[in-house]
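Here's the structure, in C-alpha cells; my notes come after.
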Amino acid sequence: MNQVSTIDQSSMKTLVASLGAGTGANDNIPQVNMPSIRMNQEAMIGTGRDAEKNPFFGCFFLKTEDPEDYVYGESMIIRPLSNVFQYTHMDFDRPSGEQCINKTVQISSWDQEPRDEKGTLRCGKPTSKEMEGWSKEERGKYKDIVCTRIIRCVATYTGKKANGEEVTVENHPAIIWHAKNHYRDFEDQVIRKIPRNANIFDYEVELVPNFGTGQAGNQYANFTFKPILKRLEMTEEVFETLKVIKDIIDTSNARIEKSYTDAIRARQVDQAALDAMSTSAQEDYDGGTAH
C-alpha cells in the first residue's frame, strides 16, 4: 500500500472525530460488504455418542452470507478504523429480520445526543445515572434496549475452509459488535493502552483467543484485544476506507435523523389536535351547550 504524502490535517481531524478514532479527546451499502468478525463457539459437533470435537472451535472467521465461504483462523490481526456507539431496541418475539424495532444514530462521543427513529433518546432507555439505585425488576424493563460498541476495521489472517482449503485474507473490511459483558473491552484493552494522542488506526491489534470451562462443564471460547505498539503509516487505501466508513455512518444517521424529526413533528400535531379538542370541549362546557 502506498503511503499518503499529504493529507489536509483539518479534514483528517474532522474524519477522526466523526469515526470516534481518536484517543486524545473526551445503509445504503449492503452489510454483506462488511462481514462481522465472529469466533466459533461450538466445542463439539453432534450429540451423544456421535459427538466429536469441532476442529474449528475457538477459531476466528468472517461471517458472510454463505457458510461454505467461512475461513477459520486460529489468530487474526485487525486495524481498527472507527469506534462508535448505537442503542438498539429488540423484540425477539418478532420474526427474524424484523426484531429491531428502534435504533439510534451512531455516535462517536457521549457529547452527542443518541436520537432514535421514534423521536426519543436512547430508544427510551434512562441513563445509567438515572437508574442508580433501581431494583433488578425496574432495570429489567429495559433489558431489550442495548448499547453496542461498533468497531469497523480491516482484518488480516490465514485460515482454512471447512473443506481444508487454506486461504489468506488480507485487509478485508469487517465489523465487530460488542455489547453487555464485552462492551468495555476495546476501551480498556486498546484505547487505554496506545498513546493518548494517537488514533486507533495508527496501530494494528491482535485478537487473542481465550478458553475456559463453565460451571456446567461446558467449554467456552472468547477473545481479548492486544494492541501491537508499532505505529503504522497512513496509506491511500486506508484513507479511502475511512471515507467510505464515514459515508456509511452518515447515510444511516441521516435516515434515522429524518425519522426522529418526523416522529417529533407527528407528536406535536397530535398534541395540537388534543389541545384543540380540549379547548373546544371546555368552551362548550363554559357556554352551557352540553346536555
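The values are calculated or read from the model by the stated rules, or taken from the named source; none is laboratory data. Remember, it's a predicted structure, so these values are computed and weren't measured experimentally. All Cβ positions, even for glycine, are placed from backbone atoms using ideal geometry, and neighbour counts span all protein chains on display.
A few notes on this one:
- Extreme residue, farthest from the chain's Cα centre (by Cα), among residues of the range 121-153 that are over 28 Å from residue 200 (Cα atoms) and buried (at least 18 other Cβ atoms within 10 Å of the Cβ): 125
- Residue 117 modelled with pLDDT of 95 or more, more than 27 Å from residue 169 (Cα to Cα) and surrounded by 12 or more Cβ atoms within 10 Å (Cβ to Cβ): yes
- Search result, residues across the range 186-207 that are farther than 24 Å from residue 237 by Cβ and modelled with pLDDT of 95 or more: 187, 188, 189, 192, 193
- Selection of the range 28-54 for residues being of a type in the set (Val, Ile, Thr) and either over 15 Å from residue 152 (Cβ atoms) or at pLDDT 85 or above (or both) yields 37, 45, 47.
- Scan of the range 71-112 for residues that are among the small types (Gly, Ala, Ser) and either within 30 Å of residue 160 (Cβ to Cβ) or out of contact with any helix residue (DSSP H, G or I) (no Cβ under 7 Å at 6 or more places or on another chain) (or both), ordered by number: 73, 75, 82, 96, 97, 109
- Of the criteria (1) surrounded by 14 or more Cβ atoms within 10 Å (Cβ to Cβ); (2) within 25 Å of residue 266 (Cα to Cα); (3) not β-branched (Val, Ile, Thr), which one residue 60 fails: (2)
- Close pairs from the range 181-198: first closer than 16 Å to residue 84 by Cα, partner in a helix (DSSP H, G or I), Cβ under 8 Å, at least 6 apart: 190/200; 191/200
- Residues that are within 22 Å of residue 248 (Cβ to Cβ) and either small (Gly, Ala, Ser) or loosely packed, with under 11 Cβ neighbours inside 10 Å (or both) within the range 84-97 comprise just one, 97.
- Residue in the range 197-216 that is of a type in the set (Ser, Thr, Tyr) and either more than 24 Å from residue 73 (Cβ to Cβ) or in contact with a Gly (Cβ under 7 Å, 6 or more places away or on another chain) (or both) present: no
- Meets criteria (modelled with pLDDT of 90 or more and of a type in the set (Gly, Ala, Ser)) for residue 96: no
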